[in-house]
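Remarks on the structure that follows.
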């Protein structure tokens, strides 16, 4: 098992500071969120008591993102979660959520694989390969919040070739058509 396969151990000191045991430095909640978006599992423990605080800190990360306007959870979902704590349904909710996110990750992976298999009506268009690389980098960046997605480094982003306004308009039109087809899938 390599170092990146093992959960990253973060220790919380009495001062409430969070310490990354791999890099021997202090980290913030944003750093931890970045590790998770990059696909790392994270475990946060209290140094003094040994208690696992991972769940509390993950909820805090979610709450901070929601309060900044990065809303992912609709109010009705949050309301249902609160209700689940006061009913006997509580035992089913974690399994349901876990299964739902697993299906979402699998669907995203299949979608990314499917993009490479679809026949491409724009194959003869000049500059298509560079455009495809940019689109793939964009999709990977947008899906970077999921364990299967990783954001590319800025150096990996290809530069677009210079195109005339007519070519750019044609590309935009064809892209809109492809997006419409994809949304029907």
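Stretched out straight at 0.36 nm per residue, the stretch from residue 72 to residue 31 would grow longer than its current Cα-Cα span by 12.8 nm.
Within a 10 angstrom radius of the beta carbon, how do 171, 10 rank from fewest other beta carbons to most? Before the final figure, lay out each step's value.
Working: 171 18, 10 22.
Going from least to most buried by this count: 171, 10.
As a rough footprinting exposure proxy, the listed residues 42, 93, 77 were ranked by other beta carbons within 10 Å of their own, and the order from fewest upward is 77, 93, 42. Taking the number of Cβ atoms within 10 Å of each Cβ as an exposure proxy, the fewest-first ranking of 83, 68, 40 is 68, 83, 40.
How large is the translational diffusion coefficient of region 1-101 in µm² per second when you combine the Kirkwood radius over alpha carbon pairs with Stokes-Einstein at 25 °C and 0.890 mPa s?
On the way: Rh = 15.4 Å.
My calculation gives 159 µm²/s for D.
Extending 7 Å from Cα along the Cβ direction at residue 130 and again at residue 174 yields two label points whose distance is 1.4 nm.
Read-outs throughout are calculated quantities, based only on the coordinates presented, and are distinct from any laboratory measurement. Note that this is a predicted model, so its numbers are computed, not measured. Note that we place each Cβ from the backbone using ideal geometry, even for glycine, and neighbour counts take in every protein chain shown.
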